[in-house]
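The values are calculated or read from the model by the stated rules, or taken from the named source; none is laboratory data. These numbers were taken from a predicted model, which means no experiment stands behind them. Don't worry about glycine lacking a Cβ; one is built from the backbone with ideal geometry, like all the others, and counts go over all protein chains shown.
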Amino acid sequence: MPKSKSRKSKEPAYTPPPAKVPESFKVGNPVWLAPTMVTMFILGLLWIVVFYLIGSQVPVMSDLGNLSNVLIGFGFIGVGFALATRWR
């Protein structure tokens, strides 16, 4: 049986243009994001450490009480984690 002639086009195959990515996806992190995130983590950690080491000698910390001081420290850390979710 004879072989069929293959169809070869002189024009290249059609390739669609690349999909356009919205500008919001092209933009990187804001400049303030990483320093603010790290600052919140450090502030939360320092608040809890200072409270446990010398909290009775610091006027504001001694007035707040145990639960409030721990919640404030974890609040700073929570804000740091919330900012970390925006980091690309």
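Residues in region 10-43 that are among the polar types (S, T, N, Q) and either more than 19 Å from residue 75 (Cα to Cα) or touching a strand residue (DSSP E or B) at 6+ places or on another chain (Cβ under 6 Å) (or both) were compared, and the one that is modelled with the highest pLDDT is 29. Screening region 60-88 for residues that are of a type in the set (S, T, N, Q) and farther than 18 Å from residue 45 by Cβ and picking the one that is surrounded by the most Cβ atoms within 10 Å (Cβ to Cβ) gives 62.
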